[in-house]
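Peer 1: Below: one structure in structure tokens.
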Amino acid sequence: MQMQPTTNVPAWVQFVPLAIVAIILIFRFVRPQRISVTRMWIQPIILVVLTGWVIYASEMLNPAPIWEIVVALIVGAIAGAPLGILRGMHTDVRPTDRPGVMYLGSSWITIAIFIAAFGLRTVVRWAMPHRGSLSSSVGDGLLAFAIGFIVASYVVIFRKYEAEVAGRLASPPAPGESQEA
């Protein structure tokens with residue numbers, strides 16, 4: 001006798017990644033901090049993995065055609081990128097005295113956007129319960145919007161950091177001057 005896999009995933013399972021993401025984002029983005037370039041890229045990777053898990057879990061509850069999911073993810077990421085670029089342009093980035101480590105200013109807007117994306121995803125699912133795959137795809141697109149926002153902002157932040165480091169290397173301090181302004 002063969003057991004059939006169950007697709008009965010409790011609804012609260014989708015809130016576990018939201019709680020993890022909220023904790024990560026609140027911890028990281030509400031205060032300025034020193035961050036290594038490596039660690040800066042690890043955080044978006046974790047968020048992408050959590051988002052993938054949420055999308056997979058929702059597919060178990062409410063399947064959608066793969067093409068709808070792909071289109072929603074592409075549109076969401078493209079829509080989030082310009083705002084991420086804008087956020088990156090307005091984030092304070094300075095190199096520290098240690099190579100590969102930067103001072104990164106706080107950004108509460110990042111928390112707001114990511115939590116709003118998860119919240120709107122939930123609202124879409126509640127408002128469109130009989131739309132099935134459409135509500136799943138819209139929700140997935142909202143998550144891709146948040147990921148696109150964060151990745152685009154980190155690309156801009158990284159480029160700003162590289163420009164600052166290159167500027168420091170190009171103009172070493174004169175004898176008797178300190179490196180810190």
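Peer 1: Can you run down the residue pairs with Cβ atoms below 8 Å, 6 or more apart or on separate chains, where the first is in segment 82-95 and farther than 16 Å from residue 148 by Cβ and the partner is outside any loop (DSSP other than H, G, I, E, B) and among the aromatic types (Phe, Trp, Tyr)?
Peer 2: What qualifies is 92/103; 93/103; 93/161; 94/103; 95/103; 95/161.
Peer 1: In addition: Given the criteria at pLDDT below 70 and of a type in the set (Gly, Ala, Ser), does residue 141 qualify?
Peer 2: Values: at pLDDT below 70: no; of a type in the set (Gly, Ala, Ser): yes.
No: the conditions fail for residue 141.
Peer 1: Output the number of residues of segment 17-48 satisfying the condition of being in contact with a helix residue (DSSP H, G or I) (Cβ under 9 Å, 6 or more places away or on another chain) and farther than 21 Å from residue 92 by Cβ.
Peer 2: So the answer is 8.
Peer 1: Right, something else. Examine segment 55-64 for a residue that is under 18 Å from residue 21 (Cα atoms) and among the hydrophobic types (A, V, I, L, M, F, W, C), and state whether such a residue exists. I'd like the intermediate steps shown before the answer.
Peer 2: Just the residues of segment 55-64 that are under 18 Å from residue 21 (Cα atoms), to begin with: 55-58.
This time we only want the ones that are among the hydrophobic types (A, V, I, L, M, F, W, C), so: 55, 57.
Within segment 55-64, one or more residues are under 18 Å from residue 21 (Cα atoms) and among the hydrophobic types (A, V, I, L, M, F, W, C).
Peer 1: Also, quick follow-up: Search segment 138-152 for residues that are in contact (Cβ under 8 Å) with a residue 40 or more places away in the chain and part of a helix (DSSP H, G or I) and pair each with any residue that is of a type in the set (Lys, Arg) and crowded, with 23+ Cβ neighbours inside 10 Å when their beta-carbon atoms are under 6 Å apart and the residues are at least 6 apart or on different chains.
Peer 2: Close Cβ pairs satisfying both conditions: 139/121; 142/121.
The values are calculated or read from the model by the stated rules, or taken from the named source; none is laboratory data. Values in this document were obtained by computation on a predicted structure and should not be read as measured data. All Cβ positions, glycine included, derive from the backbone under ideal geometry; neighbour counts span all protein chains shown.
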